[in-house]
Amino acid sequence: MTRRIAVLIFDQFQLLDAAGPLSAFEIAGRFVPGAYRIEVIAEQAGMVASTSGAALGAAALDDAALDTLVISGGDGVRQAVRRPGLVDWVRTAAGRARRVTSVCTGAFMLAQAGLLEGRRATTHWSATAEFARYFPQVTLEPDRIFVPDGPVWTSAGITAGIDLALALIAIDLGEAIALRTAQQLVVHRRRPGGQSQHSALGDIGVHADRFASLLAWMAARLSEPLSVERLAAQAAMSPRNFSRAFVAATGLTPAKAVERLRLEAARDQVEASAQPIDRVAQATGFGDPERMRRAFIRAFGQPPQALRRAARA
């Protein structure tokens, strides 16, 4: 059976968002000839420019059935989601496809089309605050490399599209073919860790210069109680005004920001040290190792012990 894979691009798409999955499916097709028919599509046929200036040739949208729709991301997605005809086509095409996927900020298109309503999803770490503001009905899992939820799959930033494609290839053609494809691409078959390893404290503060010093102060005191009242006092604001201003600046509540900082610090210690898990929980402010375990599963999809084993492997 030949599966039709269509990668949707738009003006100012991110080149690697499209090229990564295209290459993965193309290489898998070398090992199983006829497995895939790969196409690049756009609202209008012709050359479509990426953010790098390089362009891809695309066929026009059509009504033929798809096996898999892959939506690329990039700076241009914010304009693309404002094109009602394109959004409607994505919604309709998803109903005809076996699965629909996005790479990076392509998740904005899926959400705009209503395909992520009530589902779990991820996107590029730098866009998570914006995504959460616009689409609060989506359960965002910001550290995941990719998130499958039924027939809808989303992936993190840029190269995560390769991770997503490898997972889909494993489902279609088997783990052995996915592994051979990863070897040919010279990438991990299963990348260790989540995308938070590529962000750090600047992730939260990227649009929050007003609170940069407070965030650094918080990161240095994770083992201490960090209530809204204490943070507001440090910022010389009333708790109510502080909470409102902090959310506006970061896209996160103060409690969520504290948890993210604690998660990042805890993960660093779990993966890079031999400290017992309960000591890591104490040092990073979780206190109870069970509380930390639940937070890890919510954020990373795995408990601390599993991440430690993966890091050591």
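The values are calculated or read from the model by the stated rules, or taken from the named source; none is laboratory data. What you see is a predicted model; the values in this text were computed from it and never measured. Note that we place each Cβ from the backbone using ideal geometry, even for glycine, and neighbour counts take in every protein chain shown. Areas reflect the complete protein model, heavy atoms only, side chains present, ligands, DNA and RNA absent. Shrake-Rupley method; radii C 1.70, N 1.55, O 1.52, S 1.80 Å.
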Subject >> Relative contact order of the range 211-304, pairs being alpha-carbon contacts under 8 Å that are 6 or more residues apart, as % >> reply: 24
**OP:** Determine ³J(HN,Hα), in whole Hz, for all residues of the range 303-310 in sequence, where each value follows from phi through the Karplus function 6.51 cos²θ - 1.76 cosθ + 1.60 and θ = phi - 60°; x replaces Gly and Pro.
**Re:** x, x, 4, 5, 5, 5, 4, 5
**OP:** Could you run the Karplus curve 6.51 cos²θ - 1.76 cosθ + 1.60 with θ = phi - 60° over the range 97-106 and give me ³J(HN,Hα) per residue in whole Hz, x for Gly and Pro?
**Re:** 8, 5, 7, 10, 9, 9, 10, 6, 6, x
**OP:** Give the long-range amide H neighbours of S102: residues separated by 5 or more places, or on another chain, with amide H under 5 Å away, using H modelled in the peptide plane at 1.01 Å from N.
**Re:** I71, W153, T154, S155
Subject >> Angle in degrees between helix 160-173 and the longest Cα principal axis of the chain, rounded to the nearest 10 >> reply: 60
**OP:** Using a cut-off of 12 Å between beta-carbons, work out the net charge of the residues near A42 (Lys and Arg +1, Asp and Glu -1, A42 not included).
**Re:** -3
**OP:** At 0.36 nm per residue, minus the direct Cα-Cα distance, what do F31 and A45 gain on full extension? Give it in nm, one decimal, please.
**Re:** 2.0 nm
Original post:
Once amide H atoms are built 1.01 Å from N in the peptide plane, which residues 5 or more positions from G287, or in another chain, come under 5 Å H to H?
Top reply: Q282
Subject >> Accessible area in the full protein assembly, largest first, 1.4 Å probe, for D288, D62 >> reply: D288, D62
**OP:** For every helix of n ≥ 4 consecutive DSSP H residues, a contribution of -39,500 (n - 2.57) applies; sum these over the chain, divide by its total residues, and give [θ] at 222 nm rounded to the nearest 500 deg cm²/dmol.
**Re:** -14000 deg cm²/dmol
Original post:
Stretched out fully, how many nm does the piece from W217 to D75 gain, at 0.36 nm a residue minus the Cα gap?
Top reply: 47.9 nm
Original post:
So what is the relative contact order of the chain, in percent, for Cα pairs below 8 Å that sit 6 or more residues apart?
Top reply: 13
**OP:** Quick one: work out the % antiparallel among DSSP beta bridges in the range 51-174, nearest 5.
**Re:** 30
Original post:
Given the Cα-Cα distance of R91 and S52 and 0.36 nm per residue of separation, how much length would full extension add, in nm?
Top reply: 11.2 nm
Subject >> For R37, distant residues with modelled amide H under 5 Å away >> reply: R3, R4, I5
Subject >> Listed peptides 96-108, 138-150 by packing density, highest first (mean Cβ within 10 Å) >> reply: 96-108, 138-150
Subject >> Solvent-accessible ranking of T2, T123, T159, largest area first, probe 1.4 Å >> reply: T2, T159, T123
**OP:** Quick one: check the C-alpha center-to-center distance for the range 103-168 versus the range 1-51, whole angstrom.
**Re:** 19
Subject >> Derived scalar couplings ³J(HN,Hα) [the range 85-90; Karplus, 6.51 cos²θ - 1.76 cosθ + 1.60; whole Hz; x for Gly, Pro] >> reply: x, 5, 4, 4, 5, 4
Subject >> 0 to 90° range, to nearest 10: angle between helix 239-250 axis and the chain longest Cα axis >> reply: 30
Subject >> Ranked order, R267, R78 - accessible area, probe 1.4 Å, largest first >> reply: R78, R267
**OP:** Note the angle between two axes, namely the Cα long axis of helix 15-31 and the longest principal axis of the Cα atoms of the chain, as a number of degrees from 0 to 90, rounded to the nearest 10.
**Re:** 60
